[in-house]
Amino acid sequence: MTVFFPLDTARLRLQVDEKRKSKTTHMVLLEIIKEEGLLAPYRGWFPVISSLCCSNFVYFYTFNSLKAVWVKGQRSTTGKDLVVGFVAGVVNVLLTTPLWVVNTRLKLQGAKFRNEDIVPTNYKGIIDAFHQIIRDEGISALWNGTFPSLLLVFNPAIQFMFYEGLKRQLLKKRMKLSSLDVFIIGAVAKAIATTLTYPMQTVQSILRFGRHRLNPENRTLGSLRNILYLLHQRVRRFGILGLYKGLEAKLLQTVLTAALMFLVYEKLTAATFTVMGLKRAHTH
C-alpha cells in the first residue's frame, strides 16, 4: 500500500477535482509534486494505513465469526462464502465509513484544486477532523457515501465470479496452475470487477469528501436521488468517460499492489519454510 500510495492520491484527485485538465496518472502526480511539494503524493498516508488495519480487522473478524457460527464443522461452499463475505462487507462499511470519510478529507487537505466550488478544510489530524465534522456538519456527515459503499460490497463477489470462471477455463487446458497463472487470473478478475464498479467509487469519493458547494437544497449527500444526480451531472459535463476519471491510476494501483503483495508473500513463505526446514533438521 505504501509503495503505490501516490497512485491512490492521483486517483482521488481525478475523481473529486473534476476540473483537472491532465488526463494521465503521471501528469497528475507531476502536477501535485510541482504545486504542493515532493511529499504531497503521500499526504494522508498514516490515516489511510490505520483505517486499512481497522477495516481489515473488522472484515476478517466478522467473516470468520459468522463462518464459524454458520458452517459449524461442515465443508464451506462458494455460495456460503459469498454470503458471509457480503454480510461481513456490510458490517465493515457501517462501522468504518466514518474513518474513510475523515481519510478522504485528510488526503485532500491542502490540495490545489482546479474547481473553485470546493470548500477547503483545515484539520489538525484524525481526532480534530472528527470533532470539526460533527460540529459543523452533524454526526450523520461521518456516514457520507454509505450507500455507494454498500453497493461496492458486490465488488469482491464479481471478482470471485470471474476468478472462478477464468480458473475453470485454464484448467481445461492444463493440469495444474502455477503461482503466476493464479496471479494473472486474480489480477484480470480484479480489473474487471474494478472497472464495472468504478462509477460507484467515484460517487463514493465525492460524497465522502462532501466539500463541494453542491445543490444546497438537497444536502443529504448519500441518498439514492443524490447518487443519480451526481452520476447524471458527470455524464452531462464530461460524457460517459467522466465516470471513469482516475480509473487508469486505480487499475495500476490494484494490479501493482497485488503483484507486489504476491511476490512478498511468496518470498516470505519460502523463507519461513527454509527456516522451519533448518530447525527441523537440527531437531533430528
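The values are calculated or read from the model by the stated rules, or taken from the named source; none is laboratory data. What you see is a predicted model, and the numbers here were worked out from it, not measured in a lab. Please note: Cβ atoms are built from the backbone with ideal geometry, for glycine as well, and neighbour counts cover all protein chains shown. We work out accessible area using only protein heavy atoms, side chains counted, and drop any ligands, DNA or RNA first. Shrake-Rupley method; radii C 1.70, N 1.55, O 1.52, S 1.80 Å.
Here are some notes:
- Considering residues of the stretch 57-78 that are basic (Lys, Arg) and not in a helix (DSSP H, G or I) only, the residue modelled with the highest pLDDT: 72
- Test: residue in the stretch 146-161 that is assigned to a loop (DSSP other than H, G, I, E, B), more than 30 Å from residue 190 (Cβ to Cβ) and open to solvent by less than 50 Å² (accessible area, probe 1.4 Å): no
- For the stretch 13-23, a residue qualifies if it is open to solvent by 10 Å² or more (accessible area, probe 1.4 Å) and in contact with a Gly (Cβ under 9 Å, 6 or more places away or on another chain), and exactly one does: 18.
- For the stretch 166-175, a residue qualifies if it is assigned to a helix (DSSP H, G or I), of a type outside the set (Lys, Arg) and either open to solvent by 100 Å² or more (accessible area, probe 1.4 Å) or free of Cβ contacts under 8 Å to residues at least 12 places away in the same chain (or both), and the qualifying residues are 169, 171.
- Exactly one residue among 18, 35, 31 is closer than 25 Å to residue 199 by Cα, among the acidic types (Asp, Glu) and part of a helix (DSSP H, G or I), and that residue is 31.
- Tally, over the stretch 176-196, of residues that are of a type in the set (D, E, K, R) and in a helix (DSSP H, G or I): 2
- The condition (being within 23 Å of residue 152 (Cβ to Cβ) and either modelled with pLDDT of 85 or more or within 23 Å of the chain's Cα centre (by Cα) (or both)) is satisfied by just one residue among 258, 271: 258.
- Within the stretch 24-45, tally of residues that are in contact (Cβ under 8 Å) with a residue 24 or more places away in the chain and open to solvent by 30 Å² or more (accessible area, probe 1.4 Å): 6
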